[in-house]
Amino acid sequence: MFSALDYISGETFQVVRCRRCGQVVTAPVPADIGKYYPAGYYGDTLGRRFPAVIEWVQEMLCVWRSRQVLRRLRRTHARVLDVGCGRGLLLRAFQQAGCEVTGTEFSDGACRFAREILKLPVRVGLLPDLNFPDNSFDVVVMWHVLEHVSDPRPMVAEVARILRPGGLFLVAVPNFGSPEAQLTRAGWFHLDCPRHLSHHTRASLSQILREAGLTPSWFSSLAPEYDSFSCVQSLLNWLGLRPNLLYNLLRGQSAKVIDGKSQTGSVIVTVLLTPLLGLFSLPATLLLALVGLGATLTITAVKKTPPPELP
């Protein structure tokens with residue numbers, strides 16, 4: 001479909017569509033994906049990535065999302081698995097709501113904050129390799145994780161296996177079908193090749209869920225912590241400025257993901273344009289989200305209870 005530059009490594013990848021199933025993916029899949037996650041990717045030693053006010057907003061949104069899921073589940077004391085839990089903020093919100101929680105991450109470094117600071121139980125490894133029992137969780141969460149998987153179908157099938165009948169799967173991904181993604185293409189902030197290996201639309205993700213026996217029941221295209229910023233950064237990238245420079249400038253000193261060799265001109269133009277683009281992005285992203293065309297996509301899917309056996 002098009003080429004995309006990794007703003008961290010400087011390497012070029014291809015965004016391609018499978019002729020057989022229609023899935024859009026990043027190619028090639030790196031043999032060592034870990035090298036594309038720099039030391040500051042998950043934050044500083046205290047798990048902080050952004051200014052305190054942004055961190056606080058993220059925590060409050062995690063609390064709100066956990067309550068929404070439990071309201072739909074109609075129970076509070078649930079068993080919750082957060083796949084790719086990262087710093088563990090959403091997992092902690094479920095725990096504080098009275099749930100029994102477990103997290104997973106692909107490396108010890110990725111879950112250090114969740115384990116050592118938040119004291120959350122996190123297992124290291126890929127979900128299919130952790131061998132959770134059938135029907136063992138009321139809720140499984142993959143919050144902006146599925147796009148990091150090159151073939152999402154086996155992962156979703158594993159989620160369906162470990163969910164109890166009537167259980168909920170909360171999955172959020174960047175929306176490759178959004179106007180923002182289609183306009184800015186390789187400059188789209190959420191494209192993030194090669195860390196994002198699969199790219200999803202509402203139709204493609206819904207199909208994957210149904211194939212696994214999960215019924216999509218609730219959709220949202222609103223994610224306040226991403227929407228307006230993503231729009232601004234995507235437009236700055238589209239204009240030809242250093243990719244994701246604003247994103248790097250906003251990250252804490254110990255959480256930078258690109259080197260300090262920033263182009264002075266790009267910094268000046270970024271600082272000057274950001275307020276103007278911000279004024280445009282707020283109403284634009286809200287309107288797009290309200291009509292289901294925002295840059296992110298959240299789906300809650302239900303594992304239907306099997307019909308009773310005939311006598």
| task | State whether the residues of segment 63-80 include one that is at pLDDT below 80 and not in a loop (DSSP other than H, G, I, E, B). | result | no
| Hits in segment 178-225 (condition: under 19 Å from Met155 (Cα atoms), free of Cβ contacts under 8 Å to residues at least 60 places away in the same chain and polar (S, T, N, Q)) | Gln207
| remark: Among (1) crowded, with 21+ Cβ neighbours inside 10 Å; (2) in a helix (DSSP H, G or I), Ala160 falls short only on (1)
| query | Tell me, which residue of segment 252-268 that is closer than 21 Å to Leu5 by Cα and either modelled with pLDDT of 75 or more or loosely packed, with under 14 Cβ neighbours inside 10 Å (or both) is nearest to the chain's Cα centre (by Cα)? | reply | Asp259
| message | Please pick out the residue among Ser281, Ser228, Ser234 that is surrounded by 14 or more Cβ atoms within 10 Å (Cβ to Cβ), closer than 21 Å to Thr201 by Cβ and at pLDDT 85 or above. | response | Ser234
| task | Those residues that are hydroxyl-bearing (Ser, Thr, Tyr) and closer than 22 Å to Leu146 by Cβ, I need them from segment 1-27; list them, please. | result | Tyr7, Thr26
| Tally time: how many residues in segment 197-225 are outside any helix (DSSP H, G or I), surrounded by fewer than 20 Cβ atoms within 10 Å (Cβ to Cβ) and on the phi < 0 side of the Ramachandran plot? | 10
| Residues (surrounded by 13 or more Cβ atoms within 10 Å (Cβ to Cβ) and over 21 Å from the mean Cα position of the chain (by Cα)) located in segment 284-299 | Ala284
| Any chance Pro38 is over 23 Å from Ala172 (Cβ atoms), at pLDDT 85 or above and not charged (D, E, K, R) | no
| note | Within segment 116-145, the residues that are closer than 23 Å to Glu59 by Cβ, touching a residue at least 24 places away in the same chain (Cβ under 8 Å) and surrounded by fewer than 18 Cβ atoms within 10 Å (Cβ to Cβ) are Ile117
| Matching option when the condition is within 17 Å of the chain's Cα centre (by Cα) and under 24 Å from Leu73 (Cβ atoms), among Val101, Val145, Val149 | Val145
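Can you report the number of residues in segment 1-33 which are buried (at least 16 other Cβ atoms within 10 Å of the Cβ) and among the charged types (D, E, K, R)?
1
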| message | List the residue pairs whose Cβ atoms are under 9 Å apart, where the first residue sits in segment 266-284 and is without any contact (Cβ under 8 Å) to a residue 12 or more places away in the chain, the second is assigned to a helix (DSSP H, G or I) and surrounded by fewer than 17 Cβ atoms within 10 Å (Cβ to Cβ), and the two are 6 or more positions apart or on different chains. | response | Val271/Leu249
| message | Quick test for you: out of Arg72, Arg112, pick the one residue that is within 16 Å of Val141 (Cα to Cα) and either in contact (Cβ under 8 Å) with a residue 12 or more places away in the chain or surrounded by fewer than 23 Cβ atoms within 10 Å (Cβ to Cβ) (or both). | response | Arg72
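The values are calculated or read from the model by the stated rules, or taken from the named source; none is laboratory data. Predicted model only: the values in this text are computed from it and were never measured. Ideal geometry is used to build each Cβ from the backbone, glycine not excepted, and the neighbour counts take in all protein chains shown.
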